[in-house]
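Below is one structure; the comments refer to it alone.
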Amino acid sequence: MNKMIRNPLASSFRPRAVQALLLTILAVGACSRPEPGAEFNDPFEERNRAVHAENVAIDRMLGGGKPDRKPLLPQPVAEGLSNFSDNLAMPSAVVNSLLQARPGPAIQNTARFVVNTTVGIGGIFDPATAIGLYEDDTDFGETLHVWGAPEGAFLVVPLAGPTTERDLFGKVVDFVINPLHGAFAEPEEYYVAAAKLGGKAADRQRYGDTIDAILYESADSYAQMRLLYLQNRHYELGIEAEVFDPYEDPYGQ
């Protein structure tokens, strides 16, 4: 009889994780270096702008930018999907905290995952926050930063949006090293994948006004997106940098 949950530490997991880790470190070591004096490390700007335009077109087709748009999901459903998706990422955050030699956040995220998975019915609800177990978010991109890997070039990925070379490699490794990766048998793994996709849709709905302001109300939505993404990411990583006005004309006109 098929079991819903497989052993997340199956023997096939470790070789894949180690191989992905080694390939990522080698790849990140070859990340693009910024040109001297450049404000942004964006050597692929032309291609990035083309992908960004396609992403905006898809977003608009799905209802983005419309002031009278109706929510795709009822608020309780959207919140539950977002909570569930976030909870599935907690084991990966625990692994990354340990790789960064930060046992405190690892313990906190473990406790949060246990509480939300049990009391919160698989993470649909978030009782952990109510009792003070807040998420200490991290990822393998941050782990690479802690290890001294360069950020690399700014990138725009189809559907996924803005990232950097380092963070893009990190997302791939996060998928592999998450102890829950491969833990669900069919057809449950398809339900989980659908719930993750629903969580992304819920996040788009949750931050709709902010995203719409960037994509549809900016003189140059690409420049605005790039600026805000990099500023926010550098803040998350604790990188001190000059703060730019996100509403300033990017070309100084």
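Values quoted throughout were computed directly from the atomic coordinates according to the rules given, and no laboratory measurement underlies them. Everything numeric in this text was worked out from a predicted model, so none of it was measured. Positions of Cβ are backbone-derived with ideal geometry, glycine not excepted, and every protein chain shown enters the neighbour counts.
Across segment 42-54, coupling constants 3J(HN,Hα) worked out from phi with the 6.51/-1.76/1.60 Karplus curve, θ = phi - 60°, read 9, x, 9, 4, 4, 5, 4, 5, 5, 5, 4, 4, 5 Hz, and Gly and Pro carry x. Amide H contacts of Phe184: Arg6, each under 5 Å away and 5 or more positions distant or on a separate chain (H built 1.01 Å from N in the peptide plane; Pro and chain starts excluded).
Computed extension length for Ala57-Glu240: 62.5 nm, one decimal, from 0.36 nm per residue of separation with the Cα-Cα distance subtracted. Distance between the pseudo-spin-label points of Ala201 and Gln231 (7 Å out from Cα toward the beta carbon): 3.2 nm.
Proximity of backbone amide H atoms, modeled 1.01 Å from N, is registered between Leu155 and Thr163, Thr164, Glu165 at under 5 Å, excluding neighbours fewer than 5 places apart on the same chain. Within the shell defined by Cβ-Cβ distances under 14 Å, the residues around Lys66 carry a net charge of -1, with Lys and Arg each +1 and Asp and Glu each -1. Entry note, segment 42-237: relative contact order of 28 percent, from Cα contacts under 8 Å with a spacing of 6+ residues.
In order along segment 216-227, the phi-based Karplus estimate (6.51 cos²θ - 1.76 cosθ + 1.60, θ = phi - 60°) of 3J(HN,Hα) comes to 10, 10, 9, 5, 9, 5, 5, 4, 5, 4, 4, 4 Hz; Gly and Pro are listed as x.
Judged by the gyration tensor of its Cα atoms, with axes a ≥ b ≥ c, segment 42-237 is oblate; a/c meets the 1.5 cut and b/c is at least as large as a/b.
With a Förster radius of 35 Å applied to the C-beta separation of Ala130 and Glu39, the computed FRET efficiency comes to 0.25.
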